[in-house]
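Trainee: One structure follows; several queries about it will come next.
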Amino acid sequence: PLHDALPISRIAFLSDHEGVGALYSTDRDCADLRRHTELGSFYARHASSDGSRVVYSCAGDLYLLSSLDGGEPERLEISLPGVRVVREPFPVETGAWLGGLALSADGRAAAVEVRGTVHWLPAEQGPARTVLAEPGVRGRLPVVLPGGKAVLCVSDAGGEDGLDLVPTDGSLARRIGHGELGHVHELAVAPDGATVAVSSEDGRLLLVDLSETAESLIRELTQVSADEPCDLAF
């Protein structure tokens, strides 16, 4: 209640008796109940007054109600300065967040997953490259294609699992089978790099054609009812 600060004729308070927290007021006899804010998805909170106006927060914004006599709340445009250090990129310790690692056949480079991002790391010389690092997208299960010219990984871009085939020279990546594979459990690439076996948590074992001429050719080899296929190998 805000009766100590407001004129004695009315008492303002917050209540959620209609299902969502809102700002109300009533007279001293608890008659003439008025609701001053809309019933939305977020609660009105932390109301305060200077004796004639009411300020409150809702969904992270501040609102000002200038009068209890039928006025509409006004959203306050306030920009708060922040410490720039807090907004700087935070370096992640790879050892603490290492999710997966796959060596190339010659052992000269590796595809590494670190906290949902995938990177190409030469063992001795050459530049490290980011294979997949999109905000809101998790990459995982990286494998190196024979010849070391591309990395294949699983990502949930668009909300569903699929395969991302990313050349290590930085050229354009291809997305294959997004939304058609289910939740991918395991990958295994054929020795010629033309196909990849995919195990999904719905029990399916799939064979996916990786050639550029194929239009996301996905073939179901089998489906098991208990658990998912594992330890895939060609």
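Trainee: Which value, in debye to the nearest 20, describes the size of the charge dipole of segment 107-166 about its Cα centre when Lys and Arg Cβ atoms bear +1, Asp and Glu Cβ atoms bear -1, and nothing else is charged?
Mentor: Dipole about the Cα centre, nearest 20: 240 debye.
Trainee: Tell me, what ³J(HN,Hα) does each residue in segment 119-130 have, in order and in whole Hz, if you take phi through Karplus 6.51 cos²θ - 1.76 cosθ + 1.60 with θ = phi - 60° and put x for Gly and Pro?
Mentor: 9, 9, 10, x, 6, 10, 10, x, x, 7, 10, 8
Trainee: Counting Lys and Arg as +1 and Asp and Glu as -1, what is the net charge of the other residues whose Cβ lies under 12 Å from the Cβ of Pro73?
Mentor: -1
Trainee: Given all pairs of different Cα atoms, what value in angstroms does the Kirkwood hydrodynamic radius of the chain take?
Mentor: 22.6 Å
Trainee: Continuing with the same structure: Taking 8 Å as the Cα distance limit and 6 or more residues as the minimum spacing, I'd like the relative contact order of the chain as a percentage.
Mentor: Across the chain, relative contact order equals 8 percent.
Any read-out appearing in this document is the output of simple, stated calculations on the displayed coordinates, not a laboratory observation. Quick caveat: nothing in here was measured; it's all calculated off a predicted structure. As a convention, Cβ positions derive from the backbone with ideal geometry for all residues, glycine included, and neighbour counts pool all protein chains shown.
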